1. Which whole-number value in Å² is the accessible area per residue of the chain, probe 1.4 Å?
2. Among GLY344, PHE152, LEU293, pick out the residue whose Cα is farthest towards the positive end of the charge dipole of the chain, where Lys and Arg carry +1 and Asp and Glu carry -1 on C-beta, about the Cα centre.
3. Could you order the peptides 114-123, 383-392, 200-209 from most to least packed, using the average number of other C-beta atoms within 10 Å per residue?
4. Using only alpha carbon positions, build the gyration tensor of the chain, then give the equivalent ellipsoid semi-axes as the square roots of 5 times its eigenvalues, largest first, whole angstrom.
5. In the chain, if the dipole is taken from +1 on Lys/Arg beta carbons and -1 on Asp/Glu beta carbons about the Cα centre, which of GLN241, PRO259, ALA321 is farthest to the positive end?
6. For helix 289-301, what angle does its Cα long axis make with the longest principal axis of the chain, in degrees from 0 to 90 and rounded to 10?
7. What list of ³J(HN,Hα) couplings, whole Hz, do you get for the range 322-330 from phi and the Karplus terms 6.51, -1.76, 1.60, once you set θ to phi - 60° and write x for glycine and proline?
8. Computing the accessible area with a 1.4 Å probe over protein heavy atoms, can you report the carbon and sulfur percentage for the range 302-374?
Amino acid sequence: MKQKTIQLSIFFALAFLCAIPSFSQKRLADYNQALRYSRYSRLALKIIPQKKSSSTFLAQLVIEKIEDQPNFNTYSFSYALADGYQTAIKPEDVTILIAEDLKYDTDRHWVFEKEIQIPENQEQAILLFTALDTRQGDEYNYHIDLKSPFVFDHPSFGAYYANGVPFDQNYLPAGEALLFKSLAGPSIHSFFYPMDFEIPYPPMETKPAPVPRELEVKDKGDFLSNVPHELDEKGYYFFQQDTSKSTGLLIRTTHDAYPKVKDWDEMVDMVTYISTRREHESLLIAEDKKRALDQYWLNLTRNPEIAKELIREYFRQVEFANILFTDFKEGWKTDKGMVYIVMGPPQEVNFYLDREVWSYQGLDESSKIRFTFARVKNILNPHYYTLNRSRAYQPIWFKNISQWRSGKMAF
């Protein structure tokens, strides 16, 4: 049986190698990574780097199994290291991964671990992780900057589930525990921020969002690595091994229902994106939030069955936004989450050193609308983006809100 598995792995690896010239002779900026945000993905990829030295990283390549009982041999996995977003990735840059390379194979995850060496004088290094679904040719990509002008550094430790698999989410229900493992010292320091963030302004609102004057923080002190550590409060935690450095690990702690909606009050907050100001203010002051929300959806559609479907669809978008875009904010409150909820999953996604661009069909079939998210250097998140707002978004934004309110939006 083991020999048969090896033969199958080699077969699919060879098939993958044959396909490489058709798609790998292009720049990372040219890859359409829309499957990363699809509601119908079979897999979710993530790269979790840990720094071993100034030029060496332990890269944990994590695959979450979304489809039921996936077969490893229906996918071809590989990784490549690029020295820039505009550099062509050649076949010789690609390393194929087979079943014998797996570190973990659990009910929920496949995990590879690879040591990545970067030349000392190289100023930029991007690690690209790819999964090719050999059944229909779908290509899943995930990348992360190991070295970049937008990255302070990477931590020398990581968080893990109880079974030893790297923690591949950005959020955890408050009160649950994680295991922290370190490549360096025995202890890790934690800070807690009990923050509740404002809902973002719409894309056509060009005035700057308000910034809190004070940031409350609780110094939680040191705890030992390799011992389960409970994250007991709701907000976000920032973990560091060396508090004098600009690097660490961020984890948002949430209510138990997250990424789904918790209660009627939270639902009221979330419908702001498709509501008028008057409608939303009425919902906020309503004593019976459930009754007010029921009436709100019925007023939009004038049809109970359409209202039920609209509610289901809208809060499914919220759930996906929370899964995909949570950082120190809840995913639905981020700029990306807002655009994702109203516009739906983007048809094209392209990454550049300083920005991420989402493309949608425009107001007619021959046009496109692009949302550009500018990359911001941030100690909490090495891949943090904010939307470049413009009044030019107003026509397509109002069109999509009108579709939502008429019950015609479907993804």
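The values are calculated or read from the model by the stated rules, or taken from the named source; none is laboratory data. Please read these numbers as outputs of a predicted model, since none were measured by experiment. Neighbour counts run over all protein chains shown; Cβ positions are idealised from the backbone, glycine included. To get the accessible areas, we keep the full protein, side chains included, count just its heavy atoms, and leave off ligands, DNA and RNA. Shrake-Rupley method; radii C 1.70, N 1.55, O 1.52, S 1.80 Å.
1. On the way: 19910 Å² over 411 residues.
That works out to 48 Å² for each residue.
2. GLY344
3. On the way: 114-123: 12.2, 383-392: 16.2, 200-209: 14.5.
Put in order of decreasing packing, that is 383-392, 200-209, 114-123.
4. On the way: eigenvalues 257, 147, 93 Å².
Working through the eigenvalues yields semi-axes of 36, 27, 22 Å.
5. ALA321
6. Approximately 90 degrees, to the nearest ten.
7. 5, 5, 7, 10, 4, 10, 7, 9, 4
8. Working: 1380 of 2920 Å².
On the range 302-374, the fraction of accessible area on carbon and sulfur atoms equals 47 percent.
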